[in-house]
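The values are calculated or read from the model by the stated rules, or taken from the named source; none is laboratory data. The model shown is predicted, which means the values in this text are computed figures rather than measured ones. Methodologically, a virtual Cβ is constructed for each residue, glycine included, from the backbone with ideal geometry; neighbour enumeration extends over all protein chains shown. Heads up: the accessible areas ignore ligands, DNA and RNA and are worked out on the full protein's heavy atoms, side chains in. Shrake-Rupley method; radii C 1.70, N 1.55, O 1.52, S 1.80 Å.
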Protein chains: 2
Amino acid sequence: MENMLYLGIDGGGSKCRAVIASLEGEIVGRGVGGPANPLHGFQKTLDSILDASLKALEDASLTSAIYSKLIAGVGLAGVNLPGLYKQMTEWQHPFAKMYLTTDLDIANIGAHDGSEGAVIIVGTGSCGFVNSSGHKSIFGGHGFPIGDKASGAWMGLEAIKHTLLALDGFSEQSSLATKVSEYFAVDNALALSEKMAGRSSRQYAKLAKIVFDCADENDPSALAIVNQGIDYITKMANRLLRDNPQRLCMIGGLTDFILPRLSPELAAHFVKPIEQPEIGALHYAEQCWKSVHKQSA
Amino acid sequence: MENMLYLGIDGGGSKCRAVIASLEGEIVGRGVGGPANPLHGFQKTLDSILDASLKALEDASLTSAIYSKLIAGVGLAGVNLPGLYKQMTEWQHPFAKMYLTTDLDIANIGAHDGSEGAVIIVGTGSCGFVNSSGHKSIFGGHGFPIGDKASGAWMGLEAIKHTLLALDGFSEQSSLATKVSEYFAVDNALALSEKMAGRSSRQYAKLAKIVFDCADENDPSALAIVNQGIDYITKMANRLLRDNPQRLCMIGGLTDFILPRLSPELAAHFVKPIEQPEIGALHYAEQCWKSVHKQSA
């Protein structure tokens, strides 16, 4: 165990974050690499993990020769799928050890600084995760366009659907439809549908702010969308609370839009996240390593 | 004009139908080629049109030498988009003349045997089209997943969304959720979302029958989906009727499921389609040719 270091990896759809810490927990380096969502590119994910790790090593004035001294905790989307988990664990990685878990697990560990708890993540997508008494459960997170209610992409999709109906004269005009049409500089449904062809969930998610803005101005169509989202998050939070998590956090880009709209009773259950997911990955590496070390001692 | 023939082309996402007729209207040959939706493959569309035409010529005991004697009426999806219309008209086709219009226009002309009128198409997608006093309008048809309410793909998407929520415990259990889960042989939301990843609108549309079956058994979740669809088709029909079309037809794979669910007053406006879209394309070629011929006479 001499000169060993912990490596925390938070893989994500747009970037991969790496952080290196001493066994005593002192952070010595950080690095950022490219996209690392194995559902959207397996080899790219491996490359991004190595790239981010190398940058973190460089930041710590170390070289890739240290790879073999790293105890890695890696959080990635999709590794709750058995096939992807197996594929990832078969990777001939250069680290001393790699402990693999989901992006949700490390986000949860980070949010609660190593303790158990629950998180609701609401950004481009949406998802709930709870770890209580060692039992982990995931809810939602089924992706665009079939799931992830209340997420930015879902809000954008609902806004587009409403706007197309309004432009065709099949639903009432609204400030939401007007603002979405202005955003895309279109004045008819055909032009809007053409603009949306092949757009990613991330591009739909950019419309979420318009939906919240219109809801703040009491536009009925926007309020209907927001209220559906809030209803879903309320169900999600109540479901997570049934497992009696020690703490409950909301994280992700829509947190500040959604938390204030929950009922005060429900909002009171939420506390602020303590650390970022990559720190959660560090904790995960440490927890797994110590657990094995204890067993073999 | 000696030995000239009319060629009708109905391009579609799964196949291209060609039919050849004499100037007197006698059908002499038919052929079927591959997919011909220029939105999903431009060169493939041209190939399929030529292939279907050649097969129709062979069926009429003619050869490709006759290409230059053909007055073609071609109906294709997407050519209401200016860019695609231009691209198609710039095609160095081998025909004497090519008159290009939308798949909706030829479906409408066919349904009314050359007369003006309106159609609602409800199959994998959904769309409304009206041609009245020479004025043509399209409603809906904005594609999956943003539009095409009441279509098979829309019904399937709503069924999947409901089933995922039910499997996660966020909406009531239902026979719809049970049957969709059985169809995909899954018992949890993660497995279902995995099965749906990357599925086409056509594959979603296969679930429409399950939705209608469950609605027939008064499953509230299925009824809610079907009623939303019927509400949309009702709005669509009322919009088309505002233009006072001479006739109104419903065509497409869901016709027999939807027509009986409309109000009797509305259903009374619908008449049976007379001919198929490829015959509409023939009529279109004839109308365009005669119109030009008259002008130049």
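Each helix, a run of at least 4 DSSP H residues, gives -39500 (n - 2.57); summed and divided by the residues of chain B, these come to -13500 deg cm²/dmol at 222 nm. Remark: spin-label model distance A:K290-B:F184 equals 4.0 nm, labels positioned 7 Å along the Cα→Cβ axis.
Counting only protein heavy atoms and using a 1.4 Å probe, the accessible area of B:H135 comes to about 110 Å². Quantify, in whole percent, the carbon and sulfur part of the accessible surface of chain B (1.4 Å probe; protein heavy atoms only). About 50 percent, which is the carbon plus sulfur part of the accessible surface.
Taking B:K97, A:K272 and ordering them by how much accessible surface each has at a 1.4 Å probe, largest first, produces A:K272, B:K97. The mean sequence separation of alpha-carbon pairs under 8 Å and at least six residues apart, normalised by the residue count of chain B, gives a relative contact order of 21 percent.
Magnitude of the charge dipole for region A:233-297, about its Cα centre and with charges confined to Cβ atoms of Lys, Arg (+1) and Asp, Glu (-1), is about 240 debye. Residue by residue, region B:123-130 carries 3J(HN,Hα) couplings of x, 4, x, 9, 6, x, 9, 9 Hz when phi is fed to the Karplus relation 6.51 cos²θ - 1.76 cosθ + 1.60 (θ = phi - 60°); x denotes Gly or Pro. Note on B:161-170: average number of Cβ atoms from other chains within 10 Å of each residue's Cβ is 5. If you sort B:S137, B:S263 by accessible surface, 1.4 Å probe, largest first, the order is B:S263, B:S137.
Our summary gives region B:152-267 a relative contact order of 28 percent, counting only alpha carbon pairs under 8 angstrom and 6 or more residues apart. How big is the gap, in Å, between the Cα center of region B:1-51 and the Cα center of region B:203-221? Region B:1-51 and region B:203-221 have Cα centres spaced 35 Å from each other. Modelled label positions at B:A197 and B:Q228, each set 7 Å beyond Cα in the direction of Cβ, lie 2.5 nm from each other. Taking the DSSP bridge list for the protein assembly as shown and keeping only pairs wholly inside it, about 60 percent are antiparallel.
At the residue level, A:E217 shows approximately 110 square angstrom of accessible surface with a 1.4 angstrom probe and all protein chains present.
Hey, got the average number of other protein chain Cβ atoms within 10 angstrom for residues in B:34-42?
The shielding value for this peptide is 0.
Across the copies of the chain, A:P94 has label points (7 Å from Cα along Cα→Cβ) spaced 5.9 nm apart, shortest distance listed first. Inter-chain Cβ neighbour count for B:185-191, averaged per residue, equals 2 (cutoff 10 Å, partner chain atoms only).
Ordering B:Y85, B:Y6 by accessible surface, largest first, gives B:Y85, B:Y6; the 1.4 Å probe counts only protein heavy atoms, with every chain in place.
Using only the alpha-carbon atoms of region B:217-279 as identical scatterers, what base-10 log of I(q)/I(0) does the Debye formula give at q = 0.23, 0.25, 0.26, 0.27 Å⁻¹? For region B:217-279, the Cα-only Debye profile gives -1.05, -1.18, -1.24, -1.29. Placing pseudo-labels 7 Å out from each Cα toward the beta carbon at B:S64 and A:S64 gives an inter-label distance of 5.4 nm. Annotation: B:T63 carries an accessible surface of approximately 80 Å², with a 1.4 Å probe and no ligand, DNA or RNA atoms counted. In Å², nearest 100, what accessible area do chains B and A bury in total when the solvent probe is 1.4 Å? Counting both chains, the buried surface is close to 2400 Å².
The alpha carbons of the protein assembly as shown give a radius of gyration and a Dmax of 29.0, 102 Å, in that order.
Overall, the ratio between the Cα radius of gyration of region A:152-267 and 2.2 N^0.38 Å, rounded to two decimals, is 1.18. GNM remark for chain A: springs join alpha carbons under 10 Å apart, and the peak mean-square fluctuation among A:I120, A:I106, A:I146 falls on A:I146. Between the beta carbons of A:E265 and B:V28, assuming R0 = 60 Å, the FRET efficiency works out to 0.20 to the nearest 0.05. Note on the protein assembly as shown: with charges restricted to the Cβ of Lys and Arg (+1) and Asp and Glu (-1), its dipole about the Cα centre is near 440 debye. Here's how it looks for A:S171: its modeled amide H is under 5 Å from those of A:A166, which are all 5 or more places away or on a different chain. Chain B gives an Rg/Rh value of 1.04, both radii derived from C-alpha positions and Rh following Kirkwood. Positive-end ranking of B:G198, B:N244, B:G169 along the dipole of region B:152-267, with charges on Cβ about the Cα centre, is headed by B:N244.
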